[in-house]
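The values are calculated or read from the model by the stated rules, or taken from the named source; none is laboratory data. Remember, it's a predicted structure, so these values are computed and weren't measured experimentally. Counting neighbours? That spans all protein chains shown, and the Cβs are built from the backbone with ideal geometry, glycine included. Just the protein is used for accessible areas: all its heavy atoms, side chains included, with ligands, DNA and RNA removed. Shrake-Rupley method; radii C 1.70, N 1.55, O 1.52, S 1.80 Å.
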Amino acid sequence: MKLFRFGKQNSEKPGVILANGEQIDVSAFGEDFDEEFFANDGVKRLAAWMAKNAKCPVLDPGVRLGPCIARPSKIVCIGLNYARHAAEAGAEIPTEPIIFLKATSALSGPNYDVIIPRHSEKTDWEVELAVVIGKKAQYVRSDEAMEYVAGYCLHNDYSERAFQLERGGQWVKGKSCDSFAPLGPFLATSDEIKDPHHLRLWLNVNGIVMQNSNTSDLIFKIPFLISYVSQFMTLLPGDVISTGTPEGVGAGLKPPQYLKHGDIVEFGIEGLGSARQRAVAYDDSNHARER
C-alpha cells in the first residue's frame, strides 16, 4: 500500500494510491497516519476498511501533497553511512553509526519550497532513504528488526553546513531549520519494497546530476540501524530513521556548491517516487506563508 497526505498545510488528510495510480481520499476512515495509526495495526485495518468502502473519492492528480506521515515523535538521522560519501568528506569509515536528531518542526511536504535560513551561507542537499517504524521498538535484535518496519519513504536531509560544523556544539543546529525534512510523496509499506538495500537514489540541482547512487553502498544496513538505535532510545510507531546520504553533496564538491535563491532541487528513490522543490531565501513573509 502507498500512503500519502494531501490538502492545506497543517490540515492534511490521509490518502492512498491505488494499483492503477489513482489517488483516493480515505479521510472517512477517521485516522491520520500518526503514532496511534501505526501502533494499532493501521495499515491492515485501513486495507480491510477500503475493501468495504470501494467508493472513496478520487483526487485530482495535481493535489497538493503534505508530509506522507503526521509529525513523528522523532526523526533520527544517521551520518556518514555511505562508503563513498565518507570518502568525499575525508572521513574514516565509522565503526559505529553516527546518530543525530532532526527537529520534527523541520517536517515538510515533498514539493514545498525549501527555505534557506536567515544568515545561511551553506545550505546543502542530502537525498536519503527513510524508514518508518511500525511498532514500539526497544532493545531490538538485528534478526528481528525488519518486523518493526512499517514502510519506507523519500527524504532530503537538508543541512546548513556552517551551522552544523562551524558554530560549535551538535550537528542538530544545521539540520533542524524549518522545511529541512521533506518526507514523501508517499510512504510505501514494507511489502511494496522487495529489497531496500538495492534501490537507486538520485538528486539534481537545476537539472544537473549531483547524487546518483544505490542503497547497496550503505555501511550499516537497516536491521542493524534499527537494533542499534533502539539500544539508546525507544522508537515509537511513526518514528523515522533516515539512513544517510550518498556521495555528491554540495560540501563535497571542489569548490563546494550550496543552494541559492531560485535553485530547483529534484530528487527521488526507486520505488518511492520523486520530489521537486524550489530554494527560497528566508524573509519574514515567506516564513509564515503556506508553501
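List the strands (runs of 3 or more DSSP E) inside segment 180-263, counting only whole elements, that have at least 2 residues being over 18 Å from the mean Cα position of the chain (by Cα).
Strands (runs of 3 or more DSSP E) meeting the threshold: 208-214.
Which ones in segment 70-86 are hydrophobic (A, V, I, L, M, F, W, C) and either modelled with pLDDT under 95 or within 28 Å of HIS198 (Cβ to Cβ) (or both)?
ILE75, VAL76, CYS77, ILE78, LEU80, ALA83, ALA86
Out of segment 193-233, which residues are over 17 Å from GLU144 (Cα atoms), of a type in the set (Gly, Ala, Ser) and buried (at least 19 other Cβ atoms within 10 Å of the Cβ)?
SER213
From the list ALA130, ALA181, ALA145, which one is open to solvent by less than 10 Å² (accessible area, probe 1.4 Å), under 15 Å from VAL76 (Cα atoms) and in contact with a helix residue (DSSP H, G or I) (Cβ under 8 Å, 6 or more places away or on another chain)?
Just one listed residue meets the conditions, ALA181.
If you scan segment 154-168, which residues turn out to be in contact with a Pro (Cβ under 8 Å, 6 or more places away or on another chain) and either part of a strand (DSSP E or B) or over 28 Å from VAL280 (Cβ atoms) (or both)?
Answer for segment 154-168, where residues must be in contact with a Pro (Cβ under 8 Å, 6 or more places away or on another chain) and either part of a strand (DSSP E or B) or over 28 Å from VAL280 (Cβ atoms) (or both): LEU154, HIS155, ASN156, GLU160.
State yes or no: is GLU36 more than 18 Å from the chain's Cα centre (by Cα), within 30 Å of LYS221 (Cβ to Cβ) and among the acidic types (Asp, Glu)?
Yes; evaluated as a whole, the condition is true for this residue.
Would you be able to say whether some residue in segment 10-26 is within 19 Å of ALA181 (Cβ to Cβ), among the hydrophobic types (A, V, I, L, M, F, W, C) and outside any loop (DSSP other than H, G, I, E, B)?
The answer is no, given that none of the residues of segment 10-26 is within 19 Å of ALA181 (Cβ to Cβ), among the hydrophobic types (A, V, I, L, M, F, W, C) and outside any loop (DSSP other than H, G, I, E, B).
Within the bounds of segment 87-104, is there any residue that is closer than 19 Å to GLN9 by Cα and either modelled with pLDDT of 95 or more or of a type outside the set (A, V, I, L, M) (or both)?
Looking through segment 87-104, at least one residue is closer than 19 Å to GLN9 by Cα and either modelled with pLDDT of 95 or more or of a type outside the set (A, V, I, L, M) (or both).
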